[in-house]
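Participant: Got a structure for you, written out below as structure tokens; questions coming shortly.
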Amino acid sequence: MAHAVLQIDENTQQKVQHYYAADKVTRNAPGVIFAAKAAGTAITLYRSGKLLFQGANAESEAKKWGTVAIAPKKILTSKGDKLPTNFAQLAVLGSDETGTGDYFGPITVAAVYASPKEIAILQELGVKDSKMLTDNFMLEIAPAIRATCVHHVLILRNEKYNATQAKGFSQGKMKGLMHNQALKKVLEKLAPQKPEAILIDQFAERKTYYNYLAGRKDIVSDNVYFATKAEQLHISVAAASILARAAFLREMDALSKNAGVVIPKGANAKVDTVAAQILRHKGEAFLKSITKWHFANTDKAKAIAYKK
Ligand code: MN
């Protein structure tokens, strides 16, 4: 299906809503302020000003409202193992991680078990793909997820991360070890009960993942499936993603208090600026203790901080 996306200003948003008023449809998706079906095309306007066209005439409809600047968005499809039928309804142990691309703060990994009983409660709570949820909403529902499901959350703080990285561990290997550990912990808590399947939100091919774990004992391998975008395949992974994110956000909050400045997420130029500021005021050892030191941001922050 063809896709086209525009970013439009408030004035154009008004015009769009007026133009398609007769074709208006109701769509209760997060962030949607207006939706219509016209000319074989689904038109969705988001609060952010994003205007999405999907369908046969997506491009020609979009052109009425502006230049299609953003590359057409591919439909997100999951890649990975073929899953058992009716997978979403099975009792599944899912795992996911966050913080891997952020210069500041830890990597967090969570594993969550959800049988049909918990699946219903998680749905009720509004658990879904974390990319569709705000940080605040995730922090809000995380306690209810923890109270509902057998789970385990691991936090790899920067000092240990940097020491492990210096020993030659890749980030992939650290993630692999953390996923395995989190899954193992939940299996222990569940025993003698067993999940019908385990689903890992895929960050590495199966072979690579098990290479990371080579030589370890207690490698979780029964009924393990790998898939990308696994949050959409079983709600246990969506819940795990939220718990990992909530743990990451709490840690970032604590780091901000500690550093005396609001610490930004990601690894962009803003991150370099704040890192440089911390470097000047608190020194290198302190900055190292709250960052993934091997990231390119370190050199950029030094260049900014020590610029004559
Ligand atoms: Mn993931």
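The values are calculated or read from the model by the stated rules, or taken from the named source; none is laboratory data. Values in this document were obtained by computation on a predicted structure and should not be read as measured data. Every residue, glycine among them, receives a Cβ derived from its backbone with ideal geometry; neighbour counts consider all protein chains shown.
Participant: Of everything in region 176-225, what is touching a strand residue (DSSP E or B) at 6+ places or on another chain (Cβ under 6 Å) and closer than 18 Å to Gly80 by Cα? Give them in sequence order.
Facilitator: Correct list: His179, Ala197, Ile198, Leu199, Ile200, Asp201, Gln202, Arg206, Asn223, Val224, Tyr225.
Participant: For region 147-243, give me every one of the helices (runs of 4 or more DSSP H) that falls completely inside it and has 2 or more residues that are within 15 Å of the ligand (Cβ to nearest atom), touching a residue at least 60 places away in the same chain (Cβ under 8 Å) and under 29 Å from Asp135 (Cα atoms). Show your work before the answer.
Facilitator: Details: elements: 158-166, 171-190, 206-212.
Passing ranges, in order: 171-190.
For (1) surrounded by fewer than 20 Cβ atoms within 10 Å (Cβ to Cβ); (2) touching a residue at least 60 places away in the same chain (Cβ under 8 Å), each residue gets a yes or a no:
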position	(1), (2)
Asp253	yes, no
Ser256	yes, no
Val261	yes, no
Glu284	yes, no
Leu287	no, no
Lys292	no, yes
Ile304	yes, no
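Participant: Still on this structure, I have one more. Being assigned to a helix (DSSP H, G or I) and among the aliphatic types (A, V, I, L, M) is the filter here; which residues of region 17-41 pass it?
Facilitator: From region 17-41, those assigned to a helix (DSSP H, G or I) are 17-19, 21-23; that's our starting set.
Those that are assigned to a helix (DSSP H, G or I) and among the aliphatic types (A, V, I, L, M): Ala21, Ala22.
Participant: Name the single residue that is nearest to the chain's Cα centre (by Cα) among those in region 217-240 being charged (D, E, K, R) and under 21 Å from Ser115 (Cβ atoms).
Facilitator: Glu231
Participant: Additional query: Considering only region 69-92, I want to know if a residue exists there that is modelled with pLDDT of 90 or more, in a strand (DSSP E or B) and away from the ligand (no atom under 16 Å from the Cβ).
Facilitator: Looking through region 69-92, none of the residues is modelled with pLDDT of 90 or more, in a strand (DSSP E or B) and away from the ligand (no atom under 16 Å from the Cβ).
Participant: Which of the residues belonging to region 240-265 are among the aliphatic types (A, V, I, L, M), farther than 22 Å from Asn297 by Cα and in contact with a helix residue (DSSP H, G or I) (Cβ under 7 Å, 6 or more places away or on another chain)?
Facilitator: Within region 240-265, Ile242, Leu243, Ala246 meet the criteria.
Participant: Let me confirm something: among Thr44, Thr108, Thr100, which residue is touching a strand residue (DSSP E or B) at 6+ places or on another chain (Cβ under 6 Å), surrounded by 13 or more Cβ atoms within 10 Å (Cβ to Cβ), in a loop (DSSP other than H, G, I, E, B) and modelled with pLDDT of 90 or more?
Facilitator: Being touching a strand residue (DSSP E or B) at 6+ places or on another chain (Cβ under 6 Å), surrounded by 13 or more Cβ atoms within 10 Å (Cβ to Cβ), in a loop (DSSP other than H, G, I, E, B) and modelled with pLDDT of 90 or more holds for just one of Thr44, Thr108, Thr100, which is Thr100.
Participant: When you look at Glu124, is it under 30 Å from Asp201 (Cβ atoms), away from the ligand (no atom under 16 Å from the Cβ), in a helix (DSSP H, G or I) and more than 21 Å from the chain's Cα centre (by Cα), yes or no?
Facilitator: Considered against the rule, which asks whether it is under 30 Å from Asp201 (Cβ atoms), away from the ligand (no atom under 16 Å from the Cβ), in a helix (DSSP H, G or I) and more than 21 Å from the chain's Cα centre (by Cα), Glu124 comes out as no.
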